[in-house]
1. Under 15 Å from the Cβ of residue 160, count the other residues' Cβ atoms, weight Lys and Arg +1, Asp and Glu -1, and hand me the total.
2. So if each residue of separation counts as 0.36 nm, and I subtract the Cα-Cα distance between residue 121 and residue 174, what length gain in nm does that give?
3. In 10 Å bins starting at 0, how do the alpha-carbon pair distances of segment 97-180 split up by percent?
4. Considering amide H positions built from the backbone, and no H for Pro or chain starts, which residues 5 or more places from residue 86, or on another chain, come under 5 Å of its amide H?
5. Any idea what the alpha-carbon Rg over 2.2 N^0.38 Å comes to for segment 32-185?
6. With N denoting the number of residues in segment 78-122, provide Rg(C-alpha) divided by 2.2 N^0.38 Å, to two decimal places.
7. Subtract the Cα-Cα distance of residue 78 and residue 64 from 0.36 nm times their separation in residues, and report this length gain in nm to one decimal.
8. With θ set to phi - 60° and the Karplus curve 6.51 cos²θ - 1.76 cosθ + 1.60, what are the ³J(HN,Hα) couplings of segment 90-97 in order, to the nearest whole Hz, using x for Gly and Pro?
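The values are calculated or read from the model by the stated rules, or taken from the named source; none is laboratory data. The structure presented is a predicted model; accordingly, all values stated were derived computationally and were not measured. All Cβ positions, glycine included, derive from the backbone under ideal geometry; neighbour counts span all protein chains shown. Please note that ligands, DNA and RNA were not included when accessible areas were found on the heavy atoms of the full protein model with its side chains. Shrake-Rupley method; radii C 1.70, N 1.55, O 1.52, S 1.80 Å.
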Amino acid sequence: MRKWLLLCAALAVLLAGWRPAAKEPEGLALVRVLGVDGPGPVRLTAVCGGEDQGDQSRGSCAGADFDGALAGLPWAGREELSLTSVSYIIVGRNVELREVLLCVLRNRELGASATVWLAEEGASDLLAGCGDPASGLDLLARQGCGAPTAAEALARLERGEVLTLPLLAGDGPALIDWEEWRTTP
């Protein structure tokens, strides 16, 4: 009887979803912030780390389009970069945002829940000046400066609605304003 009770308790714990906290696999850095610049070539800047990681690995890669740059990004740093933990996407003013968001939503590693932010002087320049951009963006989000998710931003663009993005600058990064996204005619 006691064995059945222990077996039922173990099964209940497993069914409840208990599992140890995920840890970063050896030699793999989890990207938290992804910067996107340029309509073509597209330049991606990845920054790992944040409050839950001590690692501040970085990587940068360029490609003819977003998908091309994304294909080379995992090997663009000191260690392999994983895109499964991207929480923030920072875009420069010159990106083809609709195409980038479509690619983000189609990609199995990137999530539709990553929030979209706008860099005043370009994403790579902004991220180069930030020691820990994920923690700075976490703080801005906790302060109520919420940015739309990739799915929300694409939905607004597709419906022809106004898309307003938080505008970032400086080290930190710091919120300086909100700006309407303007599509090029």
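1. Taking every Cβ under 15 Å from that of residue 160, the sum is 0.
2. 17.8 nm
3. 18, 47, 33, 2
4. Amide H neighbours of residue 86: 111.
5. 0.94
6. Computed over Cα atoms of segment 78-122, the ratio equals 1.21.
7. So the extension gain works out to 2.8 nm.
8. 10, 10, x, 5, 9, 7, 8, 4
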